[in-house]
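What follows is a set of notes on a single structure, which appears directly below.
The values are calculated or read from the model by the stated rules, or taken from the named source; none is laboratory data. Bear in mind the structure is a predicted one, so any value in this text is a computation, not a measurement. So basically every Cβ, Gly included, is an ideal-geometry build from the backbone, and we count neighbours across all protein chains shown.
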Amino acid sequence: MTEIQRILFENQDKKYAIFQANLTPNVSRELFIGVRVPKIREIAKSLYKKGEYQEFLHSLPHTYYDENMLHGILISLIKEYDVVIQELENFLPYVDNWAVCDTMNPKIFKKHKDVLLDKIQEWMKSNHTYTCRFGMGLLMGYFLDEDFKEEYLEWVCKVHSEEYYVNMMIAWYMATALTKQWNTTIPVIESHILDPWTHNKSIQKAIESRVIPEERKNYLRSLKRKH
């Protein structure tokens, strides 16, 4: 057992491990230690502050889900943009679930949006499920407000996948775009450019929003398609 694994097992919550395993069915149950995310963040901050994380980041692949979660959170703490990108390039091929993918959110990206877009495009074109999902998640998180451009909707619409977790992110992106950029996004829904499942899931998630007015929700309901 490595020193990192020992620390994680010292903070094990077996009931939480079962809970996490149920939320992430594509990862084997025995790979969940059961460390709660706030505790993993605490461990990550401690390792980062002490500078005791480089060896861990370079010891891929990890065995446990919790190690991957720790890895993603550690990357998110790094303050040098180029280092973050390199660490993501090393790690993304090993990401095998939505939870680790969606937890990664390097704060340094806020200061480098101009160059980040090129990486987002590159990641979105990946055939690896969670690399593609990660790219779309960044596009949704950083470029749906004042930095939004209509072409970003086109980037998302060009993603074609049979993977559930990719299509769920497309739906999540479209639903969020409907809350923030309605006038530009609703023509995409009206055009039926998305496959029926993703189209309907986008509408469903938008209808669940508390931000979209009821009259718009009613219109969205009228746009649902039969599979």
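Kindly list, by first and then second residue, each pair from a residue in the stretch 183-195 that is more than 15 Å from Y219 (Cβ to Cβ) and modelled with pLDDT of 95 or more to a residue that is assigned to a helix (DSSP H, G or I) and among the small types (G, A, S), limited to pairs with Cβ atoms under 7 Å and residues at least 6 apart or on different chains.
Correct list of pairs: L194/S202.
Please verify whether the stretch 158-167 includes one or more residues that are within 14 Å of the chain's Cα centre (by Cα) and surrounded by 19 or more Cβ atoms within 10 Å (Cβ to Cβ).
Within the stretch 158-167, one or more residues are within 14 Å of the chain's Cα centre (by Cα) and surrounded by 19 or more Cβ atoms within 10 Å (Cβ to Cβ).
Filter the stretch 48-81 down to residues that are surrounded by fewer than 21 Cβ atoms within 10 Å (Cβ to Cβ) and in contact with a Phe, Trp or Tyr (Cβ under 6 Å, 6 or more places away or on another chain), then give me how many there are.
Number of matching residues: 3.
Regarding the stretch 73-88, can at least one residue be identified that is more than 26 Å from M169 (Cβ to Cβ), hydroxyl-bearing (S, T, Y), touching a residue at least 24 places away in the same chain (Cβ under 8 Å) and not assigned by TED's automatic domain parsing to the domain that holds Y130?
no
Tally up the residues in the stretch 178-227 that are within 21 Å of H160 (Cα to Cα), part of a loop (DSSP other than H, G, I, E, B) and among the basic types (K, R), please.
Residues that pass the stated criteria total 3.
With respect to K226, is the statement that it is surrounded by 15 or more Cβ atoms within 10 Å (Cβ to Cβ), more than 25 Å from Q121 (Cα to Cα) and without any contact (Cβ under 8 Å) to a residue 60 or more places away in the chain true? Spell out the reasoning first.
On the way: surrounded by 15 or more Cβ atoms within 10 Å (Cβ to Cβ): no; more than 25 Å from Q121 (Cα to Cα): yes; without any contact (Cβ under 8 Å) to a residue 60 or more places away in the chain: yes.
For K226, the condition - surrounded by 15 or more Cβ atoms within 10 Å (Cβ to Cβ), more than 25 Å from Q121 (Cα to Cα) and without any contact (Cβ under 8 Å) to a residue 60 or more places away in the chain - is not met.
Residues of the stretch 142-177 being assigned to a helix (DSSP H, G or I), of a type in the set (F, W, Y) and farther than 27 Å from E214 by Cβ, which ones? Can you show your working first?
Taking the stretch 142-177 as the starting set, the residues that turn out to be assigned to a helix (DSSP H, G or I) are 142, 150-157, 164-177.
So of that shortlist, the ones also of a type in the set (F, W, Y) come out as 142, 152, 155, 164-165, 172-173.
Selection gives Y142, Y152, W155, Y164, Y165.
Determine if the stretch 100-120 includes at least one residue that is without any contact (Cβ under 8 Å) to a residue 12 or more places away in the chain and over 24 Å from I189 (Cα atoms). Give the derivation first.
Within the stretch 100-120, the subset without any contact (Cβ under 8 Å) to a residue 12 or more places away in the chain is 114, 118.
Of the ones still in play, those that are also over 24 Å from I189 (Cα atoms) are 114, 118.
Yes: the stretch 100-120 contains one or more residues that are without any contact (Cβ under 8 Å) to a residue 12 or more places away in the chain and over 24 Å from I189 (Cα atoms).
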